[in-house]
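A short reminder: the numbers here are calculations on the coordinates, not readings from a lab. As the structure is a computational prediction, the values presented were derived from the model and not from experiment. Reconstructed Cβ throughout: ideal geometry from the backbone, glycine too, with neighbour counts over all protein chains shown.
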Amino acid sequence: MNTIKENLIRVHERISNAAHRAGRDPEEIKLVAVSKKVPLEKIKDAEKCNQLIFGENYIQEAQNKIPHLDKNLSWHFIGHLQSNKTKQAAELFHVIETIDRLKPAVMLDKHLATLHKTMTILIQVNIGREPQKSGILPEDAENLLRQINNLHYLKVAGLMAMPPIFDDPEMSRPYFAKLRNMMEDFQTKKLLGQDCRPELSMGMSHDFEVAVEEGATFIRLGTAIFGPRS
Ligand SMILES: *Cc1c(COP(=O)(O)O)cnc(C)c1O
């Protein structure tokens, strides 16, 4: 098996190649190392290779890991956020990528107010309209975005999605393009990206190059960095 260092080098080459194919600057693409079920030692190995952004799916697992790691790391929550876990999420994470309903957003805002802290969030869109998946339906996203823009402690930075899984990553392309189009529409309507360039979190180990070609600014990779999860 390859080392984490080798995997990271290879991933950065592939990001760079995909960015150049699309005429993009590779520096625009930020790598989120998805460390769910990955032990602390391996996270530290990745950190030694200058990997500073990590993603976790479960609050309890994050509580057992984040306090034991370097304070300079940036943590993204990428799992399903339950309203009763928003306090812990507010304390632990720097970015919540998976806001898809108003209720947890309001709860999160309330906890952030007591912490005197603002939080960058992304709205998760169920771009493939899959019943078993989290995320707001595309036609409901604008309304949610408008409501969340009224909350003081949440800063909506962009959109996140997980398209259906296909064997052929090319099949994901229309879904990535659709998320980008939604983002551009919100930008035109001045609902997003007023202060800085909007983020698009899309692309995982099997399809990140296509996502980069379609405009991803965050890609979320677990297996490609840490190997298969047990
Ligand atoms: C697990 C997970 C990933 C990473 O998946 P890999 O296929 O291992 O790269 C990315 N995003 C989300 C939301 C995940 O749950």
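Please tell me if E139 is free of Cβ contacts under 8 Å to residues at least 60 places away in the same chain, part of a helix (DSSP H, G or I) and surrounded by fewer than 17 Cβ atoms within 10 Å (Cβ to Cβ). For E139, the condition - free of Cβ contacts under 8 Å to residues at least 60 places away in the same chain, part of a helix (DSSP H, G or I) and surrounded by fewer than 17 Cβ atoms within 10 Å (Cβ to Cβ) - is met. The set of residues in the stretch 64-91 being in contact with an Asp or Glu (Cβ under 9 Å, 6 or more places away or on another chain) and more than 22 Å from G135 (Cβ to Cβ) consists of K65, I66, L69, D70, N72, L73. Of the residues making up the stretch 11-29, those that are outside any loop (DSSP other than H, G, I, E, B), in contact (Cβ under 8 Å) with a residue 60 or more places away in the chain and not acidic (D, E) are V11, R14, I15, N17, A18, A19, R21. If you go through the stretch 1-10 and keep only what is within 24 Å of A62 (Cα to Cα) and assigned to a loop (DSSP other than H, G, I, E, B), you end up with just T3. Given the condition of a type outside the set (F, W, Y), in contact with a Leu (Cβ under 7 Å, 6 or more places away or on another chain) and assigned to a loop (DSSP other than H, G, I, E, B), answer yes or no: does some residue in the stretch 115-125 qualify? Yes, the stretch 115-125 has at least one match. Among the residues here, L145 qualifies as touching a residue at least 40 places away in the same chain (Cβ under 8 Å) and either within 14 Å of the ligand (Cβ to nearest atom) or surrounded by 14 or more Cβ atoms within 10 Å (Cβ to Cβ) (or both).
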